[in-house]
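Read-outs: derived from the displayed coordinates by stated rules, not from any lab. Values in this document were obtained by computation on a predicted structure and should not be read as measured data. Glycine gets a Cβ as well: all are built from the backbone with ideal geometry, and neighbour counts include every protein chain shown.
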Amino acid sequence: MPSEIIGAFMAVGVGFFFATGAVIARVGLVNVPVGTGSLVTIVVGWVPITVIAAVLYPKLIFTLPATAYLWMALTGAVNFPVARFLNMASLKILGVGKSTPILATAPLYAAFVGVVFLAETMTWPIALGTIVLVSGVVFVVKSAMPRTTSVVPAKLIAEDSEGLAPSSTFLGLPRIVVIGYVLGFGSAMAYGVVPATYQVAMSYTHNPFATGSVTLFFGSIFMAMLVGPRIGADLRISPRRSLLFVGAGGLSMTVGTILFFLAVERTPVIVVSPLMSLQPVFALAGAHFFLQRLEKITLPLVLGTLIIVGGVLAITFGIET
């Protein structure tokens, strides 16, 4: 099997593990502040990948050129204090069903970066597959949203409405909900940039564990700086069970991160990113089975899934041509 096809399957795995992490972390984020929760997901993921890197590649981490560390620091900064933090904030406000579809727009930004800055070739099958796949993902989750109960915590709406005029809405939505969508699109844009920086960072090591360890290290530092002195107080007030859920979600996301490194090493960014956009479908399925069965299988869901399969086939054809 060609290496690029293997990378494509890995990209699908990235979406699965990130979606699983989002569903699990969503349970804990109900009682854990977003900033500290994001930091927990990063640190929990950093520990195992660093142990593996230290045991198997102890010299590689400390013998890289300065430029490599700069790219890994940039990747860590964009991926964690920006993309993951905004994603977690949107997830906490909107819930899985409404937040994860927004991430389906990330391939559009990734394709732009890949073509403009990495000189990658956008073939017609890949372009068509990207559009079809993204459309299918949005269609699938949007079709289920009317059956999804509101996941915006009443406390958040109450806090947002304090001191605001009654007209503080947009398109009939509370301001906090609009903020959740804005944060979600900001996260998607950041995630769209990350594949390109990851690819450059990987070019110095060609090792997902070493690259992941250093990137997560910088991400932890930047995230801790963002959260600041609130960390201790947040950990004390957060239930241990909720922290465990958040940590487990972070661990699942780390598996997705490793698969992502392996995927971009084998397959162009403009191929990896749209396949990763299957994440909302996995997240919706997880929400249906594990978050009190919020979603049901409907005809629009089946049709949307067929559209997604068509997009995946078009992308695969584009790889081979």
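Data for the structure
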item	result
Cβ-based exposure ranking for 57, 191, 109, in which fewest neighbours within 10 Å come first	57, 109, 191
Residue 303 paired with residue 63, simple spin-label distance in nm, labels 7 Å along Cα-to-beta-carbon	5.9
Proxy reagent accessibility, fewest Cβ within 10 Å first, across 236, 266	236, 266
In Hz, Karplus ³J(HN,Hα) per residue of the range 46-61 (6.51, -1.76, 1.60; θ = phi - 60°; x = Gly, Pro)	5, 4, x, 5, 6, 4, 4, 5, 5, 7, 8, 9, x, 8, 4, 4
Estimated inter-spin distance, residue 47 and residue 241, nm [label 7 Å along Cα→Cβ]	2.1
Label point 7 Å beyond Cα of residue 56 along Cβ direction - residues of the range 202-232 with amide nitrogen under 12 Å	207-213
